[in-house]
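Below is one structure; the comments refer to it alone.
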Amino acid sequence: MISDVLHKKANGIYEELKQIRPATKAGLKNYLRIFLGLNVGNKKICPHHDTPMDYLWHSFAEQSSQPAGDCVVWAGRGGGKTMLAATATLLDSIFKPGCKTRILAGSGQQAQRMFDYLTGFLYGGFEEFLDEPILKDKCVFTNGSNVEVLTQSAASVRGSHIQKLRCDEVELFDRRIFEAAKFTMKSTDKICGAMEVLSTMHQPFGIMHELIGKAQDNGTKIFKWCVWEVIENCGGERSCSRCPLNSDCQGRAKMADGYLKIDDCIAQMRRSSRSAFESEMLCLRPSLENVVFAEFDPDIHISPVEYNPALPMYRTIDFGFVNPFVCLWIQVDGDGKVFVIDEYIKSRMTIDVHAEEIKKRMAGGEENVVATFCDPAGAGVNDVSGTSAVSRLRALGVNVRYKRSTILEGIELVRRALRRGDGRSSFVISPKCGRLIEAMTSYHYPQSGEIEQPLKDGIYDHPIDALRYFFVNYQKAGAGKSKKY
């Protein structure tokens, strides 16, 4: 009888504690361990990385610490992103009355996985918080909160006005749907509207790659962790010298406190390519398997370079209006080494504006330009104006010339400069040329179908086209003469 009373009293205390909002990060970690059985990693292993617990606290603590906001979670396969997002959704729903959360994923199956994690938590001891039975894609809480799974459709996304949107595996999103989703969040007096994006980074030209770059520019919080923040502790049971992971691990697993099985990691490494393992598990870089210029290495091909008056100056142009107009300034030394020293990339400007800008960009003016190469399509006459971009530039004092060639011919010439037959490079880009650098890492082949021709995506192809025109025309024209002083 006494034991029954004590047990009942303990259960009562347990249920009371379940409804108390954790006030600290340590308190939240303990709450998850006690009531959900989750041991969320909170130990940084790699320099400049975060922990899964860092993300959860950022998402949860908007009232007890500081306002939460948008964030990007970049983590490897098996890094627990989907489960953690479901955990954040549960916490928002029970501790932030009236919070409306929507789940949007790259596929219906992926979205359902997150919702299944959530319902598993609810059926595991949180049923009392529910106002009605859980439906296939929706659940409603007694405090007015609700969660719903959205489909990848404009109607589904545009019809939502919510506080929290969690986008899982954003690399697989339809870009138009993702853009529409950005306008669905709306804060209340007590809940901060936020969009959380979670994904691995599969490709250097995908949505996640773009989001990381933009987040770095605008200050959006980025949470990044890799396999070492979630792998189980190695202990002293394994020999480092005999472990297949040793070259990457270097003893990190001996400091880890995660859940991912070491043997599973070894199996994944053995069945995948090195490039895929580095991007999917180590979060070192996106996979280069579909990139046109896989030879491009920032450590080799990016270096500060300035205008050298002793070397000939070239310009190369790709025309555009809605798509960008691109002009690159290039010099070549006596050994044939190519230096891209500046770029000009603008949209929705007339040829007259572009001509004025590129003529004054470099010291010495037009007399120092040996040649200006351009897109052969610029010679076509416009039906409205009756003139061509080429003729207009010539009339404005920019003497352009061109040579017709195939895309593949120009690409091969660029590759040859990136890495010659002897293994050395004859190509350098100034750090000032940010758009060209981004294009060099992101210009890619289509995901499926014919892969001989790179994708014309309207973003990365234009700087590369301008670069191609230089190499094609320079090969024909021959080297300009160096100036003597």
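Nothing in this text is a laboratory measurement; each read-out follows from the coordinates by a stated rule. All figures in this text were calculated on a predicted structure; none of them were measured in a lab. Virtual Cβ from ideal backbone geometry, glycine too; neighbours counted across all protein chains shown.
Couple of notes before you dig in:
- Three-way shape label, region 298-477, alpha-carbon gyration tensor, a/c 1.5: oblate
- Exposure proxy order (Cβ contacts within 10 Å, fewest to most) of Met185, Met440, Met349, Met208: Met349, Met185, Met208, Met440
- FRET efficiency for the Ser247 to Arg33 pair, using the beta carbon distance and R₀ = 51 Å, is estimated at 0.95.
- Based on Cα contacts under 8 Å between residues 6+ apart, region 339-438 shows a relative contact order of 36 percent.
- Set of aspartates and glutamates with alpha-carbon distance to Lys43 below 15 Å, sequence-local pairs under 8 removed: Asp54, Glu229, Glu232, Asp257
- Degrees, to the nearest 10: 2-18 long Cα axis against longest axis of the chain: 30 degrees
- Residue order, fewest to most surrounding Cβ atoms within 10 angstrom, among Arg285, Arg271: Arg271, Arg285
- Burial ordering of Thr184, Thr220, Thr406, fewest other beta-carbon atoms within 10 Å first: Thr406, Thr220, Thr184
- When you filter the GluC sites (Glu not before Pro) in region 371-465 for DSSP loop state and at most 14 other Cβ atoms inside 10 Å of their Cβ, you are left with Glu450, Glu452.
- Cross-link pairs Lys81/Lys164; Lys44/Lys182; Lys44/Lys221; Lys360/Lys432; Lys100/Lys190; Lys360/Lys456 - those with Cα-Cα distance over 19 Å: Lys44/Lys182; Lys360/Lys456
- If you wrap the tightest convex hull around every Cα atom of region 15-225 and split its volume per residue, you get 119 Å³.
- Value of relative contact order over the chain, rounded to a whole percent, pairs C-alpha under 8 Å and six or more apart: 13 percent
- Using a cutoff of 8 angstrom between alpha carbon atoms and counting only pairs six or more residues apart, the relative contact order for region 269-345 works out to 18 percent.
- Debye log10 I(q)/I(0) for the chain, one point scatterer per Cα, at q = 0.06, 0.10, 0.11, 0.13 Å⁻¹: -0.38, -0.88, -0.99, -1.18
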